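All of the numbers you see were taken from the coordinates with simple rules; none came from a lab. The structure displayed is predicted, hence computed values, not measured ones. Cβ sites come from the backbone with ideal geometry, for glycine too, and all protein chains shown count toward neighbours.
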Amino acid sequence: MDIADFFIQNKEFIYVVILSIFLGVEMISNVPAVLHTPLMSGANAIHGVVIIGAIIVMGLADPNDYLALGLGFLAVVMGTLNVVGGFVVTNRMLEMFKKRK
Amino acid sequence: MSPFILEISYLIGSISFIVGLKMLSHPETARRGNIYAGIGMLIAIAGTIFLYKNSEGQGIGNIPWILAAMVIGTVIGYMMAMKVKMTAMPQMVSFFNGMGGACAAIISIVEFNAHSGHPEKGFLAIVFLGLAIGAVSFSGSMVAYGKLDGKVKDARGNMFVYINNLFLLGLAILIGIGVFNPDMFGHSLIWILLAASLLYGVLFVLPIGGADMPVVISLLNSFTGVAAALGGFLYGNQVMLTGGILVGSAGTILTVLMCKAMNRSLMNVIVGSFGAAAGAATSADGDKVAKEINATDAAILCAYANKVCIVPGYGLAVAQAQHTCHEFEKQLAQRGVEVIYAIHPVAGRMPGHMNVLLAEADVDYPKMLEMDDVNPMLPNTDVCIVVGANDVVNPAAEEDPSSPIYGMPIIQVSNANNVIIMKRSMGKGYAGIENDLFFRNKSRMLFGDAKDSLGKLIGELKEL
């Protein structure tokens, strides 16, 4: 049974996934509407963590495999854009709330 | 020792995401939360570059190239994020989201090309799903970006619903074939899947109205989260997994919350039946006439009021009138008029966007009141000024059960003694329905661009 094997081999991951889902839902459920936009932007920055995958792709690519190198390069650039842009934009939004606290 | 340090850096990253996201959901701690998450991300990235080793003990190579790519990304990302105007924030978020999606899709392509022999079904399923979700998120986000930027027009039609569902089915079948019968297409499958996913992303977002884009962006945001989590599965990488899944689930809940604030179901937004259903409910009365008011009279009305309530909406955001609006508020305050802002949960381009815009213009935070706090005050309010808002003040939401927006909570401006509505024309709001408010006895229309009209009011106030 493929599915049973997959489940047993990855059971830790499956636990992490399920617990993270509940955590995410719990955390966001009571957020005031004022923060919807900054929160979406902040979450947007966090999924930029995909850049780690891009670094691994690029880092393990055979230096003669130009397709993998080129794609990896592109992926790292885009991932960085997501991370840096995401955090900076969120910070700019929140800066405005901060001023008069 | 180094694998241990790497795992610790991932643990720190994961915890910083959880704590950061939690802090982001409270106004006082939000900014620090964002910074914590950013620091956690930096630690996880640095750990990966210097300490990562795959199962064969091979470390990260091509480091100069990686650093070069990161420098390029940082410079472009930083400049774009710093230069963007506050009113253009939503499309900026959409753009960055698309970048993350593309990144996830590319990872899948490279990993698929790198495999040899007969890989496990689990591996294939993760790679194909990561590719499809990432690519849909990328192309969808780009269309959403184009729409909010005014570069892509809405394309409505029931036809899209059928085509899209067929397409989705086709994508599922393609992935199924890829997983269970990988020899059927061989290596070209990944490119077919990429093209189909990109196309689906475009078709998915194209028929959805421009004003619904916030919901779509939030949804695509959670898609990218899932794509990142699939990458985490692929590499057995905990920080990608936790970060991705957190965003996936939090993003989905946020999407639902946004829909709730508009009293619409997610299905309704995606299928886009709103415009079609609205057609039947309108055109009941065609012969009503709205009364106009000129800037002088409007200024006098406000100047001698005790309490003025400003209801900002999409029109204020589009006209970028937030600074003028604040100036107007200050002029009134100088004359001893009490001014408050009534912010509907979905006013502006995104929930919470109006607060960000007004905060940018230095409006005092305590003056921005939420709908539920404002409504009881309105009967004691002398003048209510609606600046470019429409559906969020439409009494039909409370009075007309046949209206498509019936049941949506609104700001009850018709309870105020006078209502001035600033609008460009008698056109309908994005819901495409008539607003009875404009024809009521207490209502007066002040036509023109929100910024121009407010500017004229300021001028008149100064001369009084």
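Quote the charge dipole size of region B:1-83 about the Cα centre in Debye, to the nearest 20; the model charges only the Cβ of Lys and Arg (+1) and of Asp and Glu (-1).
Dipole magnitude for region B:1-83 comes out near 280 debye.
Go through region A:43-51 residue by residue and turn each phi into a ³J(HN,Hα) via Karplus (6.51, -1.76, 1.60, θ = phi - 60°); whole Hz please, and just put x for glycine and proline.
Here the 3J(HN,Hα) series is 4, 4, 5, 5, 6, x, 4, 4, 4 Hz.
Farthest toward the dipole's positive end in region B:295-463, which of B:299, B:415, B:435, given Cβ charges of +1 (Lys, Arg) and -1 (Asp, Glu) about the Cα centre?
Sorting the options by dipole projection puts first B:299.
Indicate the helices, whole DSSP H runs only, in chain B that combine a mean Kyte-Doolittle hydropathy of 1.0 or more with a Cα extent along their long axis of 27 angstrom or more.
Going by DSSP H runs, the hits are B:2-24, B:30-51, B:63-83, B:89-114, B:121-148, B:159-180, B:213-235, B:238-261.
Over region A:32-96, what is the relative contact order in whole percent, taking alpha-carbon pairs under 8 Å and six or more residues apart?
47
Given only helices, namely DSSP H runs of n ≥ 4 each adding -39500 (n - 2.57), what is the per-residue ellipticity at 222 nm of the protein assembly as shown, to the nearest 500 deg cm²/dmol?
After summing the helix terms and dividing by the residues of the protein assembly as shown, the value is -20500 deg cm²/dmol.
How big is the Kirkwood radius of region B:295-463, worked out from every pair of different alpha carbons and given in Å to one decimal?
15.6
Return an integer: the convex hull volume of the alpha-carbon atoms of region B:1-150, in Å³ per residue.
Here the figure is 149 Å³ per residue.
Averaged across B:355-368, how many Cβ atoms of other chains sit within 10 Å of each residue's Cβ atom?
4
Report the equivalent ellipsoid semi-axes for chain B in whole Å, largest first, defined as the square roots of five times the eigenvalues of the gyration tensor built from alpha carbon atoms.
After diagonalising the Cα gyration tensor, the semi-axes are 48, 27, 17 Å.
Quick one: what are the phi-derived ³J(HN,Hα) couplings along region A:3-14, Karplus 6.51/-1.76/1.60 with θ = phi - 60°, whole Hz, x for glycine and proline?
5, 4, 4, 4, 5, 5, 5, 10, 5, 4, 4, 5
Under 16 Å from the Cα of residue B:462, which aspartates and glutamates turn up, not counting those fewer than eight places away in the same chain?
Hits, sequence-local ones excluded: B:297, B:327, B:329, B:452.
Once amide H atoms are built 1.01 Å from N in the peptide plane, which residues 5 or more positions from residue B:311, or in another chain, come under 5 Å H to H?
So residue B:311 has HN proximity to B:342, B:385, B:386, B:387.
Within 10 Å of each Cβ of B:6-16, how many other protein chain Cβ atoms are there on average?
1
Given Cβ point charges of +1 (Lys, Arg) and -1 (Asp, Glu) and nothing else, what value in debye, to the nearest 20, does the dipole of region B:295-463 about its Cα centre take?
360
Along the charge dipole of region B:138-255, Cβ charges K/R +1 and D/E -1, which of B:235, B:208, B:138 sits furthest on the positive end?
In region B:138-255, that residue is B:208.
Let me have the relative contact order for chain B, percent, based on Cα pairs under 8 Å that are six or more residues apart.
13
Quick check: the distance between the Cα centres of region B:196-261 and region B:288-332, to the nearest angstrom?
38
I need to check one value: relative contact order of region B:295-463, counting alpha carbon pairs closer than 8 Å and at least 6 residues apart, in percent.
28
Cα gyration tensor of region B:25-75, axes a ≥ b ≥ c as square roots of the eigenvalues: rounded (a/c below 1.5), prolate (a/b > b/c) or oblate?
Taking the square roots of the gyration eigenvalues as a ≥ b ≥ c, region B:25-75 is oblate.
Using +1 on the beta carbon of Lys and Arg, -1 on that of Asp and Glu, and nothing else charged, what's the dipole of chain A about the Cα centre, debye to 20?
Around 920 debye, computed over chain A.
Residue B:390's amide H: which non-local residues (gap 5+, or another chain) put their own amide H closer than 5 Å, with H modeled 1.01 Å from N in plane and none for Pro or chain starts?
B:314
Nearest 5 percent is fine: what portion of the DSSP beta bridges confined to the protein assembly as shown is antiparallel?
Just about 5 percent of them are antiparallel.
Take peptide B:219-225, look around each residue's Cβ out to 10 angstrom, count Cβ atoms belonging to other protein chains, and average those counts.
Neighbouring Cβ atoms belonging to other protein chains average 4 per residue here.
Beta carbons within 10 angstrom, averaged per residue: use that to sort the peptides B:326-335, B:20-29, B:53-62, B:228-237, highest first.
Per-residue mean Cβ counts within 10 Å order the peptides as B:228-237, B:20-29, B:326-335, B:53-62.
If we sort B:299-310, A:45-56, A:85-96 on the protection proxy, mean other Cβ atoms within 10 Å, highest first, what's the order?
A:45-56, A:85-96, B:299-310
Let a ≥ b ≥ c be the square roots of the eigenvalues of the Cα gyration tensor of region B:87-272; is it rounded (a/c under 1.5), or, if not, prolate (a/b larger than b/c) or oblate?
Note, shape of region B:87-272 comes out prolate.
Can you tell me how the protein assembly as shown classifies by the Cα gyration tensor, rounded, prolate or oblate, using a/c under 1.5 as the rounded cut?
The shape class here is prolate.
What order, most packed first, do the peptides B:140-148, A:59-67, B:193-201 have when packing is the mean number of other Cβ atoms within 10 Å of each residue?
B:140-148, B:193-201, A:59-67
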